Amino acid sequence: MVKLSVIVPFYNVQTYAPDTLRSLAANAREDFEFLLVDDCSRDGTPQILERAERELPGARLLRHEQNGGLATARNTGLDAARGEYITFLDGDDWLAPGYYQELLAAIEALGCDFVRTDHVQCTARARSVHRVPYGRRNVVLDPRELILPADRSTSVDYAFAWAGMYHRRLLDDGVLHFRHGLRTAEDRPWIWRLHREAESMAVLGMLGVFYRRGVASSLTQIGDVRQLDFIRAFDQVIEETAKDRDAAVLLPKAVRTYCAIISHHLGSIDRFEPQVARKLRSMSAAALKRMPQDVLKEALDSMDVQRASRLRRLRRKPVPAEVAA
């Protein structure tokens, strides 16, 4: 039986894929499988992955006929996964040797639905440790209790899918799949659903994932229209949270986070192409009008003056009918 399925999407990462694959080899075990998803790469990545399928123990190469984005690539891996446990890695990141074996031992010992871990962010030669924003470690917790408070960074704000490991029962229950086609912020609806629907989790004080930041091809570095998918992602968070049994308690957190992300993008709007910047303003104004207005008012009243003023001005902006829909 396959104990662990590791899902690794790749798209035009020929410079970084060899490091990623070497780190997977240093984590290989006879009952681990590595699902290498080529999301229709147009550089030398496919050839690198073909060689890896032959040489990396447990590797299976899955190919897309057209580029679908990270969310869709992860779903392809989830549909093919056979493991009792699931985890993710991105095609330009890497792992410490033996990390997965240690992480697997920890989640099995705790017996919970999923675990979340710290990670090392790598920007050029700089290294910095980023921790799950919750203090208690190595104890089983109710995931719903880690969503709040609304005015502080919490576990749902630490949305990296690769910073953890997940029991297969979550996959079988339909909790682990991502929204097809999201090009950015795909982890946000996913992490909220995970915390609302899973029954148990733990936070581990482990470091073994090295997250490469500042890659030129990353969507976080590109100011094109794909960045605006964060609006679809957070609309989904609001819609699903509004149906939750604890909607009155959880919606203020969801709305405040959505507002903070909108304000962040507006604050760096110069990096967007002019047409995309105009679309960002109109789509963000429409998003504010779609939010529960009483909850939105409370969120704006609780924010700092600069962000609140920026969002209130945007809220008053007329929205074309085709954008408001």
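What the table below lists for this structure:
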{"read-out": "Filtered residue count, region 35-90, keeping only those that are among the acidic types (D, E) and in contact with a His (Cβ under 9 Å, 6 or more places away or on another chain)", "value": "4"}
{"read-out": "Hits in region 86-97 - residues which are assigned to a strand (DSSP E or B) and in contact with a Lys or Arg (Cβ under 7 Å, 6 or more places away or on another chain)", "value": "I86, F88"}
{"read-out": "Selection count, region 65-85, where residues are surrounded by fewer than 24 Cβ atoms within 10 Å (Cβ to Cβ) and not in a loop (DSSP other than H, G, I, E, B)", "value": "8"}
{"read-out": "Verdict on R29 being of a type outside the set (D, E), more than 24 Å from the chain's Cα centre (by Cα), in a helix (DSSP H, G or I) and surrounded by fewer than 23 Cβ atoms within 10 Å (Cβ to Cβ)", "value": "no"}
{"read-out": "R152 being without any contact (Cβ under 8 Å) to a residue 40 or more places away in the chain, surrounded by fewer than 13 Cβ atoms within 10 Å (Cβ to Cβ) and closer than 30 Å to D19 by Cβ", "value": "no"}
{"read-out": "Total residues in region 100-140, condition closer than 20 Å to I191 by Cα, part of a strand (DSSP E or B) and of a type in the set (S, T, Y)", "value": "1"}
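Let's see how each residue does on (1) farther than 26 Å from R312 by Cα; (2) surrounded by fewer than 21 Cβ atoms within 10 Å (Cβ to Cβ); (3) more than 19 Å from the chain's Cα centre (by Cα):
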residue	(1), (2), (3)
S200	yes, yes, yes
V225	no, yes, no
L228	no, yes, no
T241	no, no, no
V255	no, no, no
I261	no, yes, no
E273	no, yes, yes
A287	no, no, yes
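Each value in this text was obtained by applying a stated rule to the coordinates, not by laboratory testing. What you see is a predicted model; the values in this text were computed from it and never measured. Reconstructed Cβ throughout: ideal geometry from the backbone, glycine too, with neighbour counts over all protein chains shown.
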